[in-house]
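Comments concern the structure below.
The values are calculated or read from the model by the stated rules, or taken from the named source; none is laboratory data. This one's a predicted model, so the numbers in the text were calculated from it and none came from an experiment. Please note: Cβ atoms are built from the backbone with ideal geometry, for glycine as well, and neighbour counts cover all protein chains shown. Note: areas computed on protein heavy atoms with side chains; ligands, DNA, RNA excluded. Shrake-Rupley method; radii C 1.70, N 1.55, O 1.52, S 1.80 Å.
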Amino acid sequence: LDEAYAWGVEELQRMVDEQEAVAQQILPGATVAEAVAHLEQDTSRLLRGTDALREWMQETSDRAVAEMGQTHFDIPERVRHLECMIAPTDEGGIYYTPPSGDFSRRGRMWSSVPDGVDEFHTWKELTTVFHEGVPGHHLQCGLAAHHSDRLNSWRRINWNSGHGEGWALYAERLMAD
């Protein structure tokens, strides 16, 4: 346990160092908070209204599917479709629901927008689209549904956080690279 805790502290420091390095790329000499404030004032990265958010999510997702399907992954046609939705709830989270086994219902990425929030910064939302969509959860779960001839139902629907969230976090890093 001591080793695991020490690794966690080292990993946290690595992330802080990475944030500080990115802040320097955005605004030389700035702190992380100053770089965030700078980005939040950039209206070219600002969306107004949930319709604009949903449309941007869909366009970003569609582009990721098309590009990743040409270079990194063999994405079957029926997995290439992801619906980006505004959730009927207002908790503020973003989540994914997989397609039905026969793909009569597509996989969906949902953004649950808190009441009163109507401005969204694309620089804050981008990695989430990749995490929930392609190459993240949608690619992972969509392929599991697509390969129903190879995977039994337990393997298709079993969710293990280490595997599921680990893949989605890897997907964010893959897109950064």
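Listed values, structure above:
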{"read-out": "Sequence-separation-based contact order of the chain, relative, with Cα cut under 8 Å and 6+ spacing, percent", "value": "19"}
{"read-out": "Label-point gap, in nm, between SER148 and HIS163 - each point 7 angstrom along Cα→Cβ", "value": "1.9"}
{"read-out": "Per residue accessible area of segment 1-106, 1.4 Å probe, in Å²", "value": "68"}
{"read-out": "Viscosity 1.306 mPa s, 10 °C: Kirkwood-radius Stokes-Einstein D of segment 61-146 over Cα pairs, µm²/s", "value": "119"}
{"read-out": "If the convex hull is drawn through the Cα atoms of segment 3-64, its volume per residue in Å³", "value": "146"}
{"read-out": "Sparsely packed trypsin sites (Lys or Arg not before Pro) within segment 87-177, loop by DSSP, other Cβ within 10 Å at most 12", "value": "ARG105, ARG150"}
{"read-out": "ALA87 long-range amide H proximity, modeled H, under 5 Å", "value": "SER111, SER112, VAL113"}
{"read-out": "Antiparallel %, DSSP beta bridges [both residues in segment 1-151], to 5", "value": "60"}
{"read-out": "Pairwise centroid distance, computed over Cα atoms, of segment 159-177 with segment 92-150, Å", "value": "13"}
{"read-out": "Of all accessible heavy-atom area on segment 69-166, the percent that carbon and sulfur account for (1.4 Å)", "value": "49"}
{"read-out": "Prolate/oblate/rounded label for the chain (Cα gyration tensor, a/c 1.5)", "value": "oblate"}
{"read-out": "Value at 222 nm in deg cm²/dmol, rounded to 500, when DSSP H runs of n ≥ 4 in the chain each add -39,500 (n - 2.57)", "value": "-18000 deg cm²/dmol"}
{"read-out": "Net dipole in debye of segment 115-177 [+1 Lys, Arg Cβ; -1 Asp, Glu Cβ; about Cα centre; nearest 20]", "value": "520"}
{"read-out": "Length added when fully stretched, ASP118-THR71, from 0.36 nm per residue minus Cα-Cα", "value": "13.4 nm"}
